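Novice: I am attaching a structure below and will ask some questions about it afterwards.
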Amino acid sequence: MKTLKATVLTSPPAWAVLERKLLDTLSEAALAVSAKYNYTDGMPTFVDDVDDVYESRAGRGLLYAMGGWDQLLPTALNEWNAVTRYFNDGLRNTKTRHPDDFAQLHREYYNLGQAFEWFHQGEGNQALYELGVADPTNPEHQNRATRFADMFTGDDPDVPNYDPEKRLLRSPFPSSVGPLHHAGQGWGKGNAADFANMLLRETSSGLRRVSLAPSIDNLEPDWFENPQRRDEVIALFDRLVLDGDTPTNLTATALVTHAFLHTGEERYRRWVLDYSEAWLERIRTNGGIVPDNVGPSGKIGEHRNGQWWGGLYGWNSNYAGDINFGGLTVAAECAVLLSGDMSYLDLLRSQLTMLLDNARQGDDGQLLIPGRYAEDGWTDFRPPRILEFAHLYHASMSSADRALIEQLRQGDKERDWNLAEPTPDRRLQSAEYPRFQYYDGQDPTWPEKILQAEHLYAQAFMETIRAENRDLQTLTQDNQWPPNPVVTKGLTQVTMGAPQTVYNGGLLRATVRHFDADKQRPGLPPDVAVLVDQLGETSVGMQFVNLSTNQTRTLMCQAGAFGEHEFGEVRYDTGDLGPLRDNPSLWLRENTPSPEQTSTRIDAPHFRVRLAPGMGMTLRAELRRFSQTPTYQNPTYA
């Protein structure tokens, strides 16, 4: 493996100081939450839906993998194991901490006790995927990855979620015990009306999740009061909503890709591609629009008289532009990652361009895209969000996909695209606007602004943590969501040159990733900061800085989140340290000479950068994208 030596003395740039400070602040904050809101076994005081408990501790593994403190890795694993023990029907203690607790896991994965669709499974799986990134050497991680994936690929005969002939998942609620086909099986309490009504009713804010159209256009609010009507609606719900596939299930491709990254087994790669291709075919069959309900025979709208809309979180709901697009984005990214074939991006691109083709302008000229589909066609027009466009562009880096974002910007009359604000890592996507501006040359101050914003976010939650004076018993009784000061999107953007991970079940995306060659672990070495300052279809630019005044650090740079890319030729700055060492005063007075350019070929997914104290390097690398087999396995440090 080639080693590049940094020979340019560098005054620490503001972004580098902020980056190192943020890594320390987030690490300290994560451990502070665990110390105050966890029992000694690692179990949080907060107990609700198991996906939410996992979610409340997400970010620790990824923060470690980016260069956070060493203690984060055992803390993240301990918390994940503690939550799993508590909720698993084969491991849990008989004593629960809350009256409404019940087993929500079977064989350590989601059962039908809470009936999680992939929006919530994906949300809870963040911490699981992060453990693969943080420590792929742990055999527990690989064993779980394959066991969980087999529940969805058809390789586990006891869990019939998948129909390999029809290439579909049999229910929007697949689980570790098979598909949910009857509302009475959900929630572990046997109340079919409660479960169905939770999805059928309009929320207090007027949102709806699913429709029974065309069988019932307007369901009466008290349908469950009359026993005959209740039975009729539940039977219809079981058939229309629970019997078949939906695009949300595409998020399962991340879990199966997770297994491939651990094992390299072809069967996992093939499943992701087969399932993605099935949905591409459904889009083509349906005239370019992804159908939101597919029956058990594979027919679009099978239980709805051929009507392609109305399914769970589908086009008639208020969530189509959010939840279903999460599945499309995740599957497109996973399929390209495993194949290098850019045509899989049409899963996502086709739907984004379709919405733009049906867009209109508001009174103020604001670009508006449809948010729902109903009997009269497209409706509920709203400003588009950048998140899915940002992921599409990062995957392809093509001028055509870049032009889609430029179309959004040109039509946006309401948002300040340069604003970097402190927000959590959830589906809020405001951080992607100023990121695009930076790489478009519109806002050179963005790295400092996003790092400052995330530091403020963490500090605000630390203030809450410091003020907490309740004991564990009171915290448990109150059962409130604990503060989570760990935000990783800014560091992902700045150090890896990628958009934030799709929150509800996406895998890490990165143009580059970094490892500490001295400590032989993932993440930036101590004192080292990195900025990805240029992105192109076949290139990447980076700046490296060692802030230490007395320690040499060796960083290993990887092409892609999982080594899926390959570096070609690299050009980097070099300087002559002789005059500096002979007479630093004269060297400073005579205006330090401009660095010279040196080039070399890497032709591999990794190279090292050795950074002496105070040294920096600006580097431009040729990048052959998606040319290598991706893997979780760490590079060879020797």
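The values are calculated or read from the model by the stated rules, or taken from the named source; none is laboratory data. From a predicted model like this one, the values you see are computed outputs, not experimental measurements. So basically every Cβ, Gly included, is an ideal-geometry build from the backbone, and we count neighbours across all protein chains shown.
Novice: Out of all the residues in segment 81-90, is one or more of a type outside the set (S, T, N, Q), surrounded by fewer than 23 Cβ atoms within 10 Å (Cβ to Cβ) and over 26 Å from Arg144 (Cα atoms)?
Specialist: no
Novice: Something else about it: Please specify each residue of segment 387-408 satisfying the condition of being closer than 12 Å to Glu432 by Cα and either out of contact with any Phe, Trp or Tyr (no Cβ under 6 Å at 6 or more places or on another chain) or among the acidic types (Asp, Glu) (or both).
Specialist: Leu387, Glu388, Phe389, Ala390, His391, Tyr393, His394
Novice: Answer yes if at least one residue in segment 407-415 is surrounded by 14 or more Cβ atoms within 10 Å (Cβ to Cβ), small (Gly, Ala, Ser) and within 18 Å of Pro499 (Cβ to Cβ), and no otherwise.
Specialist: No: zero hits.
Novice: Being over 29 Å from Cys557 (Cβ atoms) and either in a loop (DSSP other than H, G, I, E, B) or charged (D, E, K, R) (or both) is the filter here, so list the residues in segment 570-592 that pass it.
Specialist: The answer is Asp582, Asn583, Arg589, Glu590, Asn591.
Novice: Now for a separate question. Which residue out of Thr464, Thr445, Thr423 is under 18 Å from the mean Cα position of the chain (by Cα) and over 21 Å from Leu356 (Cα atoms)?
Specialist: Thr423
Novice: Give, as residue ranges, the helices (runs of 4 or more DSSP H) completely inside segment 408-480 that count at least 1 residues that are of a type outside the set (Gly, Ala, Ser), in contact (Cβ under 8 Å) with a residue 12 or more places away in the chain and over 22 Å from Thr45 (Cα atoms). Give the steps one after another, and end with the answer.
Specialist: Working: elements: 432-439, 446-467, 472-478.
Of the helices (runs of 4 or more DSSP H) lying wholly inside segment 408-480, those with at least 1 residues that are of a type outside the set (Gly, Ala, Ser), in contact (Cβ under 8 Å) with a residue 12 or more places away in the chain and over 22 Å from Thr45 (Cα atoms) span 432-439, 446-467.
Novice: Return the pair list, or none, for Cβ contacts closer than 6 Å from residues in segment 581-609 that are over 27 Å from Glu569 (Cβ atoms) to residues that are surrounded by 11 or more Cβ atoms within 10 Å (Cβ to Cβ), at least 6 apart or on different chains.
Specialist: Short answer, once both residue conditions are applied: Trp587/Pro579; Trp587/Leu580.
Novice: Next question, about the same structure. Is at least one residue of segment 322-340 polar (S, T, N, Q), more than 23 Å from Glu123 (Cβ to Cβ) and either in contact (Cβ under 8 Å) with a residue 60 or more places away in the chain or out of contact with any strand residue (DSSP E or B) (no Cβ under 9 Å at 6 or more places or on another chain) (or both)? Before you say what the answer is, go through the steps one by one.
Specialist: Narrowing segment 322-340 to residues polar (S, T, N, Q): 324, 329, 339.
Okay, now just the ones that are also more than 23 Å from Glu123 (Cβ to Cβ), so 339.
Narrowing the set further to residues that are either in contact (Cβ under 8 Å) with a residue 60 or more places away in the chain or out of contact with any strand residue (DSSP E or B) (no Cβ under 9 Å at 6 or more places or on another chain) (or both) leaves 339.
Checking segment 322-340: at least one residue is polar (S, T, N, Q), more than 23 Å from Glu123 (Cβ to Cβ) and either in contact (Cβ under 8 Å) with a residue 60 or more places away in the chain or out of contact with any strand residue (DSSP E or B) (no Cβ under 9 Å at 6 or more places or on another chain) (or both).
Novice: Report, by residue number, each residue of segment 20-54 that is over 30 Å from Pro525 (Cβ atoms) and charged (D, E, K, R).
Specialist: Those that are over 30 Å from Pro525 (Cβ atoms) and charged (D, E, K, R): Asp41, Asp48, Asp49, Asp51, Asp52.
Novice: In segment 337-387, what residues are surrounded by fewer than 19 Cβ atoms within 10 Å (Cβ to Cβ), part of a loop (DSSP other than H, G, I, E, B) and under 24 Å from the mean Cα position of the chain (by Cα)?
Specialist: Gly340, Asp341, Pro383
Novice: Let me ask something else. For segment 283-324, how many residues are under 30 Å from Leu428 (Cα atoms), outside any loop (DSSP other than H, G, I, E, B) and at pLDDT 95 or above?
Specialist: 2
Novice: Something else: Residues Ser175, Ser171, Ser215: which one is assigned to a loop (DSSP other than H, G, I, E, B), hydroxyl-bearing (Ser, Thr, Tyr) and within 20 Å of Tyr268 (Cβ to Cβ)? Spell out the reasoning first.
Specialist: Values: Ser171 fails: within 20 Å of Tyr268 (Cβ to Cβ); Ser215 fails: within 20 Å of Tyr268 (Cβ to Cβ).
Every option except Ser175 fails the conditions.
Novice: What are the pairs, 6+ residues apart or on separate chains, where a residue within segment 612-630 that is β-branched (Val, Ile, Thr) has its Cβ under 9 Å from a residue that is in a strand (DSSP E or B)?
Specialist: Matching pairs, first to second residue: Thr618/Val8; Thr618/Asp533; Thr618/Gly541; Thr618/Met542; Thr618/Gln543; Thr618/Phe544; Thr618/Tyr572; Thr618/Asp573.
Novice: Among the residues of segment 178-191, is any crowded, with 22+ Cβ neighbours inside 10 Å and closer than 16 Å to Arg304 by Cα?
Specialist: No, the conditions are met nowhere in segment 178-191.
Novice: Also, I was wondering about something else. What about Phe102, is it of a type outside the set (Lys, Arg), within 19 Å of Val53 (Cα to Cα) and surrounded by fewer than 22 Cβ atoms within 10 Å (Cβ to Cβ)? Break it down into steps so the answer makes sense when it comes.
Specialist: Working: of a type outside the set (Lys, Arg): yes; within 19 Å of Val53 (Cα to Cα): yes; surrounded by fewer than 22 Cβ atoms within 10 Å (Cβ to Cβ): yes.
Yes, satisfied.
Novice: While we're on this one: Could you pull out the residue among Val540, Val532, Val502 that is in a strand (DSSP E or B), touching a helix residue (DSSP H, G or I) at 6+ places or on another chain (Cβ under 9 Å), on the phi < 0 side of the Ramachandran plot and not charged (D, E, K, R)?
Specialist: Val532 is the lone residue from the list that is in a strand (DSSP E or B), touching a helix residue (DSSP H, G or I) at 6+ places or on another chain (Cβ under 9 Å), on the phi < 0 side of the Ramachandran plot and not charged (D, E, K, R).
Novice: What number of residues within segment 5-24 are assigned to a helix (DSSP H, G or I) and buried (at least 18 other Cβ atoms within 10 Å of the Cβ)?
Specialist: 7
Novice: Would you mind finding the one in Asp41, Asp48, Asp70 that is more than 25 Å from Gln104 (Cβ to Cβ) and among the charged types (D, E, K, R)?
Specialist: The conditions single out Asp70.
Novice: Could you list, in sequence order, all residues of segment 4-63 that are hydroxyl-bearing (Ser, Thr, Tyr) and over 19 Å from Val545 (Cβ atoms)?
Specialist: Ser27, Ser34, Tyr37, Tyr39, Thr40, Thr45, Tyr54, Ser56
Novice: Quick one: Glu566 ticks every box in (1) out of contact with any strand residue (DSSP E or B) (no Cβ under 8 Å at 6 or more places or on another chain); (2) modelled with pLDDT of 95 or more; (3) closer than 27 Å to Ala259 by Cβ bar one, so which box is it?
Specialist: For Glu566, the failing item is (1).
Novice: From the set of residues in segment 294-315 that are more than 31 Å from the chain's Cα centre (by Cα) and in contact (Cβ under 8 Å) with a residue 24 or more places away in the chain, which is farthest from Leu212 (Cα to Cα)?
Specialist: Within segment 294-315, the subset more than 31 Å from the chain's Cα centre (by Cα) is 297, 302-307.
Now narrow it down to the ones that are in contact (Cβ under 8 Å) with a residue 24 or more places away in the chain: 297, 302-305, 307.
Working: Ser297: 19, Glu302: 13, His303: 10, Arg304: 8, Asn305: 12, Gln307: 11 Å.
Of everything passing the filter in segment 294-315, Ser297 is farthest from Leu212 (Cα to Cα).
Novice: Do we find a residue being among the aromatic types (Phe, Trp, Tyr) and under 23 Å from Ala510 (Cα atoms) anywhere in segment 382-403? Outline the logic, then answer.
Specialist: Initial filter on segment 382-403 (among the aromatic types (Phe, Trp, Tyr)): 389, 393.
This time we only want the ones that are under 23 Å from Ala510 (Cα atoms), so: 389, 393.
Yes - at least one qualifying residue is present in segment 382-403.
Table: residues versus (1) among the charged types (D, E, K, R); (2) in contact (Cβ under 8 Å) with a residue 40 or more places away in the chain.
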position: Val133; (1), (2): no, yes
position: Pro139; (1), (2): no, no
position: Thr153; (1), (2): no, yes
position: Asp158; (1), (2): yes, no
position: Lys166; (1), (2): yes, yes
position: Arg170; (1), (2): yes, yes
position: Phe173; (1), (2): no, yes
position: Val177; (1), (2): no, yes
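Novice: Moving on. Out of Val545, Val540, Val502, Val512, report the one residue that is touching a Pro at 6+ places or on another chain (Cβ under 9 Å), touching a residue at least 40 places away in the same chain (Cβ under 8 Å) and not basic (Lys, Arg).
Specialist: Answer to the selection: Val545.
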